[in-house]
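What follows is a single structure, written as structure tokens, with notes after it.
None of the figures in this text is laboratory data; all of them are computed from the coordinates on show. Computed from a predicted model, the values in this text were never measured in an experiment. Here the Cβ positions follow ideal geometry from the backbone for every residue, glycine too, while neighbour counts run over all protein chains shown.
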Amino acid sequence: MGEATNERPTIEDARASLAEHFGYQNFRAGQERIIQAVLDGRDAMAVMPTGAGKSVCYQVPASVLGGLTLVVSPLISLMADQVHALKQAGIRGSFYNSTLKPHVRPEVLRRALAGWYDLMYVAPERLADPDFRDFAAKANVPLIAVDEAHCVSQWGKDFRPAYQEIAGFVSSLPVRPPVVALTATATGRVQQDVRNLLGLQDPVVEISGFDRPNLLLHSYELTPKKRELWTKNYVLRHPNDVGIVYATTRKKVDDIAEMLRDEGVRVAAYHAGMSDADRTKAQSAFVNDDVQVMVATNAFGMGIDKSNVRYVINCGMPQTLEEYYQEAGRAGRDGEVSECYLLWSRGDIRTCHFFIDNTEFAPDMSWDEQNLLRKHRERLLGEMIGYAMSTSCLRARVLRYFGQRLEVGVDGCGGCSVCLDETPATYLRVERASKAVEKLRKPVRRGFADDDDVWVHDGADEELFQRLRVLRKTLADEAHVPPYVVFSDRTLRAMVRRRPRTQEELLEVPGVGEVKLERYGQVFLDELAS
Ligand code: ADP
Ligand code: ZN
């Protein structure tokens with residue numbers, strides 16, 4: 001926990017905190033550069049794909065810097081959960097947004113000033129509140145983190161006007177703390193906006209590799225009818241796996257959800273046409289593993305850090321490759337092998353053009369600006385179509401879009417439908433023949449460098465893994481947190497493989513830190529021994 005010391009914490013202090021709170025021995029390369037910059041008092045910008053570990057970049061500094069780190073985030077409905085998850089790791093968090101009743105707000109600020117918290121999530125709109133400004137001027141703020149920083153840009157799809165007030169807030173503080181901006185959105189225009197509009201000063205910029213080696217990428221052309229059938233088959237064949245199905249309209253979301261429900265699948269639906277309460281209910285059912293499949297429009301997902309999503313199926317084509325990769329990227333955050341299917345049709349392409357032609361622009365936008373923006377969107381759509389139809393490696397293609405080169409040898413990347421030479425039909429046929437699929441998906445070692453997992457699990461392992469999952473669900477329900485907050489799938493897999501017998505051995509498992517060892521260690525050791 002953050003102790004106020006006169007000396008600046010070092011990267012070694014930060015590493016010790018990473019081990020204690022998160023159970024990892026080393027930072028990933030990108031994380032280390034960002035955290036070093038922040039500890040040196042410099043601004044920083046982290047452009048990293050979903051799952052790369054952005055939150056560690058401010059949570060660990062918050063735990064060693066002393067004072068109160070402010071985290072600006074657009075994800076108001078998730079803040080309470082995030083604070084809850086931090087508590088499980090032994091970090092003292094709080095949040096400040098419009099969901100707090102007005103009479104509670106002064107109390108939260110009073111506690112923050114009294115040093116109760118290491119970190120506070122705050123909605124961008126609250127930065128303009130006079131009460132909050134007074135508070136911030138008095139508080140010792142060693143760091144401001146701006147999460148989902150692309151929301152500052154009108155060129156992104158998540159534009160949030162209040163983000164443009166952040167720079168003013170930062171400069172209104174008596175002492176300007178370092179600012180770290182984090183985003184998974186990588187196009188040049190948005191990056192430029194993040195630097196300029198947030199007023200970053202000579203930032204250390206870390207743009208991490210966008211490759212997600214544990215994601216298997218597939219693109220199939222299928223008519224709407226066929227793709228719904230395909231989806232049903234897939235879901236029924238993977239009854240132990242958690243997945244997300246994206247559809248393009250509210251009606252299709254409801255239809256697909258109903259189709260799956262009729263088959264006895266535990267499923268939730270999520271789209272903008274539902275009430276806030278229903279959406280929140282659907283979201284927590286999914287996050288808490290109470291349902292197996294979430295069927296949703298693209299309104300669902302930003303900031304959902306559920307780590308055990310094993311597949312994402314897009315029934316229909318998103319308008320940009322960036323949006324597609326973000327949606328697909330919600331699979332496999334824990335580093336386990338996960339599947340991403342893009343099921344598209346020619347009709348989707350026509351619909352996308354139609355949407356662009358009929359975009360409603362802000363009334364103060366000139367004709368020229370509107371045209372420019374329309375052209376820009378057509379170009380982005382062109383990239384999306386190019387990916388869907390690609391006859392060369394899909395992984396290389398999407399990485400090239402993000403400005404990164406991937407060298408694929410004669411054997412291909414080993415993880416996309418082009419390199420694996422599959423079609424939807426071969427996939428189902430091979431599945432039906434139920435072991436040849438292992439051959440199709442060669443157990444390539446894919447994952448981050450810190451990952452020592454092997455991807456083939458035998459039957460006995462699978463049974464133990466399922467038992468640990470059940471145990472995890474019970475503990476999570478008792479603690480009122482989502483299961484992945486207790487331990488990720490990847491951590492459970494590592495337990496199964498290593499079979500630790502003592503507390504010391506359990507502590508060696510990636511994802512088991514001292515805080516969680518104390519809380520859950522013995523129960524898991526007992527289950528592993530039985
Ligand atoms: P992001 O916010 O970039 O999508 P998260 O912060 O949710 O990513 O982290 C993704 C996953 O990676 C989490 O399960 C997290 O515990 C894990 N992780 C983060 N940092 C490390 C690390 N240094 N070593 C191993 N795993 C890590
Ligand atoms: Zn490939």
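The table for this structure:
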item	result
Qualifying residue in the range 306-313 (condition: assigned to a strand (DSSP E or B), touching a Cys at 6+ places or on another chain (Cβ under 8 Å) and within 25 Å of ASP147 (Cβ to Cβ))	yes
Single match in THR491, THR502 (criterion: of a type in the set (Ser, Thr, Tyr) and surrounded by 15 or more Cβ atoms within 10 Å (Cβ to Cβ))	THR491
Members of the range 390-411 that are touching a residue at least 60 places away in the same chain (Cβ under 8 Å), more than 9 Å from ligand 2 (Cβ to nearest atom) and in a helix (DSSP H, G or I)	VAL398, LEU399, TYR401
Enumeration of residues in the range 134-163 that are within 23 Å of the chain's Cα centre (by Cα), free of Cβ contacts under 8 Å to residues at least 24 places away in the same chain and in a helix (DSSP H, G or I)	PRO161
Residue within the range 96-108 that is β-branched (Val, Ile, Thr), part of a helix (DSSP H, G or I) and farther than 28 Å from PHE487 by Cβ present	yes
Residue match in the range 324-334 (condition: surrounded by fewer than 20 Cβ atoms within 10 Å (Cβ to Cβ) and charged (D, E, K, R))	no
Search result, residues across the range 261-281 that are over 13 Å from THR297 (Cβ atoms), without any contact (Cβ under 8 Å) to a residue 12 or more places away in the chain and not in a helix (DSSP H, G or I)	GLY264, SER275
The range 476-530, subset of a type in the set (Phe, Trp, Tyr) and in a helix (DSSP H, G or I), residue nearest to ALA16 (Cα to Cα)	TYR520
Single residue of the range 473-488 satisfying the filter (more than 22 Å from ALA331 (Cα to Cα) and not acidic (Asp, Glu)) that is surrounded by the fewest Cβ atoms within 10 Å (Cβ to Cβ)	HIS480
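Yes/no per residue for (1) without any contact (Cβ under 8 Å) to a residue 60 or more places away in the chain; (2) surrounded by 22 or more Cβ atoms within 10 Å (Cβ to Cβ); (3) more than 16 Å from ligand 2 (Cβ to nearest atom):
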site	(1), (2), (3)
ARG33	no, no, yes
VAL56	yes, no, yes
LEU65	no, yes, yes
ASN97	yes, no, yes
VAL104	yes, no, yes
VAL108	yes, no, yes
LEU113	yes, no, yes
PHE132	yes, no, yes
